[in-house]
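Trainee: Mind having a look at this structure? Questions to follow.
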Amino acid sequence: MKALIFCLFFASQALAQETMRADGAMLRGLDKVSGQTTDLPLQVGEAVRYGRLEVRLGECRYPTGDPSSDAFAQLTITDLRQNATVFSGWMIASSPALSALDDARYDVWLMSCQS
């Protein structure tokens, strides 16, 4: 519960700063079984399949004064086998563990926003 409160506080602080919207994002996926990482470039509104997951980017934002700093993105990740949403919310590039995908085989995290 404390982690959830901290995550919500951190996300609200990130959203409160002046930000710019990007056209897309660079995500990275890790297959925990093979150890292979895969870059997942996405445009806003687009979805990509990663293994049995579908990753959809709703929005990507970054601080106006520093585009190379902390990005945050709204993602929806669906397990296609179970037809269930396994992650829906904001993922923060500098703190992926605060709002992480909880899956036995795959990790997905935000690297940066892309224009």
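Every number in this text was worked out from the coordinates using simple rules, so none of it is lab data. Owing to the predicted nature of the structure, the values given are computational and were not obtained by experimental measurement. Note: ideal-geometry Cβ built from the backbone for every residue, glycine included; neighbour counts use all protein chains shown.
Trainee: How would you order 19-27, 71-79 from highest to lowest mean count of nearby Cβ atoms within 10 Å?
Mentor: The densest-packed peptide leads the list: 71-79, 19-27.
Trainee: Can I ask one more? Sequence-distant or interchain residues sharing an amide H contact under 5 Å with residue 100, placed H: which?
Mentor: none
Trainee: Summing Lys, Arg as +1 and Asp, Glu as -1, what charge do residues with Cβ under 13 Å from the Cβ of residue 20 carry, residue 20 excluded?
Mentor: Local charge sum for residue 20: -3.
Trainee: Can you check what the net charge comes to around residue 48, using other residues whose Cβ is under 11 Å from the Cβ of residue 48 (Lys, Arg +1; Asp, Glu -1)?
Mentor: Working: positive: 49, 56; negative: 39, 46, 54.
Around residue 48, the surrounding residues sum to -1.
Trainee: Could you give each residue of segment 73-88 its phi-based ³J(HN,Hα) in whole Hz, using Karplus coefficients 6.51, -1.76, 1.60 with θ = phi - 60°, and x for Gly or Pro?
Mentor: Result, rounded to whole Hz: 9, 8, 10, 10, 10, 10, 7, 5, 5, 8, 6, 9, 6, 9, 7, 8.
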